[in-house]
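All remarks here apply to the structure that follows.
Rule-based calculations on the coordinates, nothing more; no lab input. Keep in mind the model is a prediction, meaning the values are calculated, not measured. So basically every Cβ, Gly included, is an ideal-geometry build from the backbone, and we count neighbours across all protein chains shown.
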Amino acid sequence: MKKLITLLLFLFSINALSQDYKILQINSKWNYKNNVDLPAKIEGIRVDYALLEDQVQGLQDKIKSVPVIILYKENKVVKKWSADISFKLNVKAWEIAEAVKEDKEKLTRRKTN
């Protein structure tokens, strides 16, 4: 019985700590030369690219400058990096990885309190 309870707790903790993260870079066709060069994966999370023109109008209205990189967890924005007036975005992969780690640490701290 102890082994069964331990196994159930272990499986529950794995499920609770595994989160559905997504990284999305959105840019416009006319600004392609200012894409941020990111690896295919950051912290094991696939990096997706999209064109602003291909997005639904509601999302287009929310984006004020391109390029923009958005870190999602379970379809909620965790962090967003936006270009400045030059339409360039200076963000490195390690900065995005750091944001993922910080968010995961928040979850871990919440669970241990």
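Structure notes:
- Residue satisfying all of: in segment 63-85; among the small types (Gly, Ala, Ser) and free of Cβ contacts under 8 Å to residues at least 40 places away in the same chain; nearest to Arg46 (Cα to Cα) among these: Ser82
- Across segment 27-47, the number of residues qualifying as loosely packed, with under 11 Cβ neighbours inside 10 Å and of a type in the set (D, E, K, R) comes to 3.
- Output for segment 48-75, where each listed residue is over 17 Å from Val91 (Cβ atoms) and surrounded by 17 or more Cβ atoms within 10 Å (Cβ to Cβ): Leu52, Lys73
- Glu102 falls short of the stated requirement of being out of contact with any strand residue (DSSP E or B) (no Cβ under 7 Å at 6 or more places or on another chain), surrounded by 13 or more Cβ atoms within 10 Å (Cβ to Cβ) and under 20 Å from Asp20 (Cα atoms).
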